[in-house]
Amino acid sequence: MVEVGQMPPLAEQLDALVTVLDLARSGAARTRPELIRRSGLGRTVVTQRVAHLIDSGLLEEGDLGPSTGGRAPRQLRFRANAGHLLVAELGATSISAGIADLAGNLITQQEEPWDIARGPDETLAQVEELFDGMLAARPADAPTIWGVGIGVPGPVEFATGRPVAPPIMPGWDGYPVRDRFSARYDVPVWVDNEVNLMALGEFRGGRARGEHDFVYVKIGTGIGAGLISGGRLHRGSQGCAGDVGHVAIVENASVTCRCGNVGCLEALAGGAALARDGAVAAAAGRSPYLARLSDTGQPIEARDVARAASHGDPASVELLTNSGKLVGEMLATMVNIFNPSLILVGGGVAGAGDLLIAAIKQAIYRRSLPLATRELRVTRSPLDDQAGLMGAAFMVIDELLSRERLATWIGYKSPVGRSDLVHAHPASASA
């Protein structure tokens, strides 16, 4: 027990500090009386922790709030512009980069075509060039950079920030992505699979907000899934949860995947598979639309198949429908095991629209248990190309403001120069 007038132990002070900060930055409590009611903490404790957070630059006072009898309370706001974050999402065929504030809002972003197979040195040099260009364009009084978040299209060991045997990323196995960016920008850096970050972006700032159990599936060049379970991103014990693109599909098991196995889902239903099968259909004369495109010398891509399907090209409709069927059958298994309330579909192939989503839904409802689909919703990701960048920002924010890490830098009022704090308490990476 803590006696009257005696300071509580440091651990209790930190717990209270994080509780107050989380309530304020989520908007769940906007005044001191609301913080007292929502947190269960005493008035004196809340007053002290709010003062600490204001002094540290994380909270600020705003206008007077509504009165419930007596003097109107002063509103409190999380200072989203106390710092900024550099965020990037690396896809198989493109790079997106941006700057975000501490509330996950994108301030600026750029995207350009890129082949991830060009290797880590060339690719990350391009990311650094994009970052440096955006930093140079900021006004002189812009907030300092507090951290960097990177998403890559392959399995990542979250505790080390290194890709592990990524099938579509030759030369990236074990590459120290985190170390490279922390050395360049002298701030903490976190790296994760891009689909995990898309799921996190939708969960914290998109259609999945308020959902406790949902699946984000990306259908691009490859296929992957991000899982939110019990309100937390589920990475698994080593960080490779959701690697559904390499689930074996029985039919057409002779097709070899880039991972070396045969019959993987993404080798049969991903964007590269659609492009491959679309080229075959064009050459065989089964798709007049794609044949005309092929005659111009332009290689067939997945978006061409989607466009052809939207024009009623029978071969392209069949290819897209089959892709949706295979993805839906995989998702049906996830629905039966995981029982999510929402499935969001993103990625370039998802831009094919209603035809693909309808095929996915049909397969899910045909192969799943009725109870598991009673209130299940399946729809396109509304954030689409912003989901990964927003998720990268939320990843960094959540790590910086976690109980384990906040204590290591709050006394300095910013984590700048504290690139080493990512190594503290690695167990938090299993969330």
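The values are calculated or read from the model by the stated rules, or taken from the named source; none is laboratory data. Fair warning: this is a prediction, and the values are worked out from it, not measured in the lab. Here the Cβ positions follow ideal geometry from the backbone for every residue, glycine too, while neighbour counts run over all protein chains shown. With ligands, DNA and RNA removed, areas are computed over all heavy atoms of the protein, side chains included. Shrake-Rupley method; radii C 1.70, N 1.55, O 1.52, S 1.80 Å.
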message: What's the number of the only condition in (1) part of a helix (DSSP H, G or I); (2) surrounded by fewer than 19 Cβ atoms within 10 Å (Cβ to Cβ); (3) at pLDDT 90 or above that MET390 fails to meet?
response: (2)
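Residue-wise test of (1) in contact with a Lys or Arg (Cβ under 7 Å, 6 or more places away or on another chain); (2) farther than 19 Å from ALA393 by Cα; (3) not hydroxyl-bearing (Ser, Thr, Tyr).
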{"site": "ILE107", "(1), (2), (3)": "no, no, yes"}
{"site": "ILE116", "(1), (2), (3)": "no, yes, yes"}
{"site": "ASP121", "(1), (2), (3)": "no, yes, yes"}
{"site": "THR144", "(1), (2), (3)": "no, no, no"}
{"site": "PRO166", "(1), (2), (3)": "no, yes, yes"}
message: Of everything in the range 326-337, what is surrounded by fewer than 17 Cβ atoms within 10 Å (Cβ to Cβ) and either of a type in the set (Ser, Thr, Tyr) or touching a residue at least 12 places away in the same chain (Cβ under 8 Å) (or both)? Give them in sequence order.
response: THR333, ASN336
task: Considering only the range 43-64, state which residues are hydrophobic (A, V, I, L, M, F, W, C) and either farther than 24 Å from PRO143 by Cα or not in a helix (DSSP H, G or I) (or both).
output: VAL45, VAL46, LEU58, LEU59, LEU64
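Table: residues versus (1) more than 18 Å from GLU266 (Cβ to Cβ); (2) touching a Pro at 6+ places or on another chain (Cβ under 8 Å); (3) open to solvent by less than 50 Å² (accessible area, probe 1.4 Å); (4) β-branched (Val, Ile, Thr).
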{"residue": "ARG138", "(1), (2), (3), (4)": "yes, no, no, no"}
{"residue": "ASP141", "(1), (2), (3), (4)": "yes, no, no, no"}
{"residue": "THR144", "(1), (2), (3), (4)": "yes, no, no, yes"}
{"residue": "PRO153", "(1), (2), (3), (4)": "no, yes, yes, no"}
{"residue": "ASP179", "(1), (2), (3), (4)": "yes, no, no, no"}
{"residue": "ASP192", "(1), (2), (3), (4)": "yes, no, yes, no"}
{"residue": "ARG207", "(1), (2), (3), (4)": "yes, yes, no, no"}
- request: Among residues belonging to the range 250-293 that are out of contact with any strand residue (DSSP E or B) (no Cβ under 7 Å at 6 or more places or on another chain), hydrophobic (A, V, I, L, M, F, W, C) and not in a helix (DSSP H, G or I), point out the one that is farthest from ASP173 (Cα to Cα).
  value: ALA284
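Per-residue answers, yes or no, for (1) open to solvent by less than 60 Å² (accessible area, probe 1.4 Å); (2) farther than 30 Å from GLY271 by Cα; (3) among the small types (Gly, Ala, Ser):
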| position | (1), (2), (3) |
| --- | --- |
| ILE36 | yes, yes, no |
| ARG43 | no, yes, no |
| THR47 | no, yes, no |
| VAL50 | yes, yes, no |
| LEU53 | yes, yes, no |
| SER96 | yes, no, yes |
| ASP101 | yes, yes, no |
| GLY104 | yes, no, yes |
| GLU111 | no, no, no |
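Take GLY236 and tell me if it is within 16 Å of the chain's Cα centre (by Cα), modelled with pLDDT under 95 and open to solvent by less than 60 Å² (accessible area, probe 1.4 Å).
yes
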